[in-house]
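Before any comments, here is the structure.
The values are calculated or read from the model by the stated rules, or taken from the named source; none is laboratory data. If you're wondering where the values come from, they're calculated on a predicted model, not measured in any experiment. Note: ideal-geometry Cβ built from the backbone for every residue, glycine included; neighbour counts use all protein chains shown. Accessible surface areas use protein heavy atoms only, side chains included; no ligands, DNA or RNA. Shrake-Rupley method; radii C 1.70, N 1.55, O 1.52, S 1.80 Å.
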Amino acid sequence: MSDVLGLVEARLLTALGEPDGRAAVTFLGTDRIEILRFSDVSGDGAVVRYATLGMSAQPMTDPTAALADPVRGPRAELLLSVRAGSAETDRVLRSLAVLAAAPQVEGVVVAPGASLDLGEPLWPEAQFTSVLVAESGGLVEDLEMPPPLDPVRFLPLLPMTPNEAAWKRVHGAGALEKRWLTYGTDLRDPLRAGVPLD
């Protein structure tokens, strides 16, 4: 487990630089989850990126499987990018830890296209109570592991309003992503309004 997490942390630091903050959260009956905070001031405005570290220590298991494989199975960490300075986004740490612990606590497999719902704002006064899991390979490349371990995927999270989440359940993740693209939605804006769904 520590070998996996050491490699995962090294990949995060290579891709995102040195973290300027980190916090650890442990829930009863689960492994420790750390959240690393990275500041990026390059490009068009400052962006804060949060990455989980610990979710990939164990493979995710299909909840319908009769027996959990302790070695084989998908592994992932979560990434969230938001524009800095306009909201208390550092309060998202516990929310991210809850989402990262979901495979251990609820037996879910987190994969692109899935919705993860907290039932409460991601951070104080946020309009977002859930996230859409996006495809890996963009910001941080997948990390190949020695056989028989599966690669670790770094999955971006896209915050959704309750209306967007409900619309996605009916029309699918691809349709919601297309709508965001059509309206030029800045998914890193922590204060953005929901996309028009008419």
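General observations
- Single condition ALA65 does not satisfy, out of (1) modelled with pLDDT of 90 or more; (2) more than 15 Å from the chain's Cα centre (by Cα): (1)
- Residue in region 124-144 that is among the β-branched types (Val, Ile, Thr) and out of contact with any helix residue (DSSP H, G or I) (no Cβ under 6 Å at 6 or more places or on another chain) present: yes
- Selection of first residues in region 69-96 that are closer than 19 Å to ARG32 by Cα and of second residues that are acidic (Asp, Glu) and surrounded by 18 or more Cβ atoms within 10 Å (Cβ to Cβ), restricted to Cβ pairs under 6 Å at least 6 apart or on distinct chains, gives the following pairs, ordered by first then second residue: PRO74/ASP150; ARG75/ASP150.
- Breaking point among (1) free of Cβ contacts under 8 Å to residues at least 12 places away in the same chain; (2) open to solvent by 50 Å² or more (accessible area, probe 1.4 Å), for GLY6: (2)
- For region 25-54, a residue qualifies if it is over 16 Å from the mean Cα position of the chain (by Cα), open to solvent by 30 Å² or more (accessible area, probe 1.4 Å) and touching a residue at least 24 places away in the same chain (Cβ under 8 Å), and the qualifying residues are PHE27, GLY29, ASP31, SER39, ASP40, GLY45, ALA46.
Residue by residue, here is whether (1) part of a loop (DSSP other than H, G, I, E, B); (2) among the acidic types (Asp, Glu); (3) modelled with pLDDT under 95; (4) open to solvent by 40 Å² or more (accessible area, probe 1.4 Å) holds:
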{"position": "ARG94", "(1), (2), (3), (4)": "no, no, yes, yes"}
{"position": "ALA102", "(1), (2), (3), (4)": "no, no, yes, no"}
{"position": "VAL131", "(1), (2), (3), (4)": "no, no, no, no"}
{"position": "PRO148", "(1), (2), (3), (4)": "yes, no, yes, yes"}
{"position": "PRO159", "(1), (2), (3), (4)": "no, no, no, no"}
{"position": "LYS168", "(1), (2), (3), (4)": "no, no, no, no"}
{"position": "GLY184", "(1), (2), (3), (4)": "yes, no, no, yes"}
